[in-house]
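Written out below as structure tokens is the structure these notes cover.
The values are calculated or read from the model by the stated rules, or taken from the named source; none is laboratory data. Values in this document were obtained by computation on a predicted structure and should not be read as measured data. Every residue, glycine as well, gets a Cβ built from its backbone with ideal geometry; the counts of neighbours run over all protein chains shown.
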């Protein structure tokens with residue numbers, strides 16, 4: 001049984017949902033601004049260590065640091081050596097990928113929004129926070145990175161115009177700038193081999209990634225009873241279950257294995273895997289994403305090189 005199968009009644013609405021998404025972009029942008037404002041009140045801007053004139057913070061001396069970086073006055077009264085770090089003053093590039101494939105249009109009675117709508121809101125909200133910090137934000141193959149006050153408006157226009165191109169994950173041939181980051185919003189329910197190949201192609205370009213797997217609560221629980229016809233809108237296949245409840249145990253096992261495989265591959269790449277359900281507040285997922293992006297300051301050294309972080313985690317927001 002495919003992980004992308006949904007009940008016939010709910011799958012029948014996916015096509016209309018895809019068409020309505022473009023019309024709902026203005027409303028989703030308003031919601032994104034509200035979500036971003038909530039997170040912005042409780043966090044500081046995205047700041048990183050690097051070449052610059054502005055003092056940022058002290059940190060413990062680490063193996064590999066030049067002795068000239070030690071602040072001897074700060075270290076004099078302690079048994080530890082401290083380094084005086086300056087703030088990175090160059091704009092960084094963060095790519096956003098919003099999966100708008102048919103499976104992302106799914107919304108069950110258990111959720112207030114479809115997966116695609118939640119992905120759009122979170123991408124817009126994160127772009128607002130990043131652009132306000134002076135970062136460049138772009139969409140692979142759709143929109144070149146921008147560092148402007150109206151970046152999110154440009155993103156909305158790009159989504160409305162190129163919605164059909166945002167299917168699945170970015171094309172493996174997409175050229176992304178080295179040392180940039182990419183945040184992917186998707187259900188990641190394609191075969192693990194395909195997901196791994198797509199992510200690997202991007203990682204080999206020297207790009208750091210963050211995966212937000214967005215799932216409807218019905219996709220986790222399979223809350224169906226009796227005779228149910230399941231449809232896969234993308235593959236055009238169907239499956240009739242005479243007693244849907246008998247599938248639940250095996251389905252839960254397969255879904256758990258799939259999620260674990262995707263997360264494991266992300267961690268092996270040094271990427272961050274996160275999980276979000278559409279019945280949970282969007283602000284929870286945005287806060288997790290923003291904190292992970294802001295926590296990369298130690299990965300950027302004086303010469304601007306990226307140090308691989310092997311500590312990704314899987315999180316249910």
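Structural remarks
- Unique residue being more than 20 Å from residue 275 (Cα to Cα), modelled with pLDDT of 90 or more and buried (at least 24 other Cβ atoms within 10 Å of the Cβ) when the list is 154, 122, 130, 126: 130
- Residue match in segment 143-165 (condition: touching a strand residue (DSSP E or B) at 6+ places or on another chain (Cβ under 7 Å), under 23 Å from residue 108 (Cβ atoms) and part of a loop (DSSP other than H, G, I, E, B)): no
- Screening segment 83-95 for residues that are out of contact with any helix residue (DSSP H, G or I) (no Cβ under 9 Å at 6 or more places or on another chain) and in a loop (DSSP other than H, G, I, E, B) and picking the one that is modelled with the lowest pLDDT gives 89.
- Condition met for residue 171 (at pLDDT below 90, out of contact with any helix residue (DSSP H, G or I) (no Cβ under 8 Å at 6 or more places or on another chain) and assigned to a helix (DSSP H, G or I)): no
- Only residues that are farther than 26 Å from residue 282 by Cα and buried (at least 23 other Cβ atoms within 10 Å of the Cβ) were counted in segment 188-228, giving 1.
- Qualifying residue in segment 96-105 (condition: surrounded by 15 or more Cβ atoms within 10 Å (Cβ to Cβ) and modelled with pLDDT under 65): no
- Elements of type strands (runs of 3 or more DSSP E) contained in segment 175-281, each with 1 or more residues being at pLDDT 95 or above: 181-186, 208-215, 272-277
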